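Data block below; observations after.
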Amino acid sequence: MTKKISQISAKFFITLVLIFLSGSAIAGDFPSKPITVIVPFPAGGSTDIMARSISVELTDYFGKNVVVSNTGGGAGTVGLASIARIRKDGYTIGIVPAAPLVNQPHMRKTPYDHNSFDYICQVFSSAYGLAVKPNSPFSTLNGLVDYAKVHPNELTYGSPGPGSLPHLAMEQFLEKFDLKIKHVPFTGDGPGVTALLGNHVDMYLMPTSVVVEKEVKAVAVFSEDRVDSLPDLPTAKEQGYDITASWWGGIIGPKGIPEKVKERLSAACVEASKSKRLKNALNKLGSEMQYLDPVNFKAQVESVSETNGRLIKKLLLTK
């Protein structure tokens, strides 16, 4: 009886060793086949174009094809759900903007939250600029804030919709500096920017690329430093308002990818972040290279998710 138990124990131990060695070999050989990148939005949009540019860099680094697969729907949640439940071997990852990670799980029931993923790296960021209508009397953020404090709820700001990153960034700004400015939601940046240019709203938080493209008057850029495309536009921080806001994102995978595989993916991110070709591609889309390692990328997601979740609850935006 004892001998039989010993034989069973030995077989079990050998099986565990083989499984471990098999996993180690897979991680060590990674990648041995093409990698799929899920983009949670349709082909042709900014996220898709960025993802394809990043995939070129990953292909060059690994010597294996990195192929983009578009899985749109549900404001990005369909694609994020696919990433969360995919096989955890590193051969399917995602290139995603922040909103489906940090906003949508607070606004609707999703089969994932920000803890459902492994974070590989942040890659891109596009700062927001606070633009004002053409006939606005304001030329500085200080002037705008001073007026808003004395005239609560007189001014208006537009956004691409309730719960969008610009909407929540503006609400954070108003809350932090005790301002009351009316929100006017639109169905996207297109009609919102058109309304601003027609003097129908007083201000609009928009990507700096749109400020440049539309030649819109702006009073501040919500970033740590001035942006190259608008060197004369001061940051909010320079004017005494410690706040930043941007459209940002990076590479994630399902939670539970083997550590060695994550290290390989992370190393590829580091190399991609050094690419002038990728930097130029991002710049053409009005974005900039902003690399964050796995630890800091995850911390960024957690921090913004906490802030936006609180604002979404406060603004009664949950469904």
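Each reported figure results from applying straightforward, stated rules to the coordinates on display, with no laboratory input. Keep in mind that what you see is a predicted model, and the values were worked out from it rather than measured. Methodologically, a virtual Cβ is constructed for each residue, glycine included, from the backbone with ideal geometry; neighbour enumeration extends over all protein chains shown.
Overview of values
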read-out	value
Loop sites in the range 229-275: trypsin sites (Lys or Arg not before Pro), DSSP, at most 15 other Cβ within 10 Å	K255, K274
Computed FRET value (nearest 0.05) for S139 with N280, which takes r as the C-beta separation and R₀ as 51 Å	0.95
Principal axis box of the chain, alpha-carbon based, largest edge first, Å	89, 42, 33
Assigned charges on the beta-carbon of Lys, Arg, Asp, Glu; the chain dipole about Cα centre (debye)	1460 debye
Two-site FRET efficiency, V150 against E213, from Cβ-Cβ distance with R₀ of 35 Å, rounded to 0.05	0.55
Value in Å of the Kirkwood radius, where the range 54-205 supplies the Cα pairs that are averaged	18.1 Å
Cβ-Cβ FRET estimate between S303 and D29, R0 fixed at 30 Å, reported to 0.05	0.25
Relative contact order (%) - criterion: Cα under 8 Å, at least six apart; region: the chain	26 percent
The range 30-69 - percent relative contact order, Cα under 8 Å, separation 6 or more	56 percent
Within the chain, helix-based [θ] at 222 nm, where runs of 4 or more DSSP H residues each add -39,500 (n - 2.57), nearest 500	-14000 deg cm²/dmol
Diffusion coefficient, µm² s⁻¹, Stokes-Einstein with Kirkwood Rh over alpha-carbon pairs of the range 127-239 at 25 °C and 0.890 mPa s	178 µm²/s
Antiparallel bridge percentage (DSSP; both residues within the chain; nearest 5)	60 percent
Lys/Arg +1, Asp/Glu -1 at C-beta; the range 127-239 dipole; positive extreme among S164, T235, P152	P152
Cα-based convex hull volume of the range 186-270 per residue, rounded to whole Å³	158 Å³
K109 paired with T318, simple spin-label distance in nm, labels 7 Å along Cα-to-beta-carbon	1.3 nm
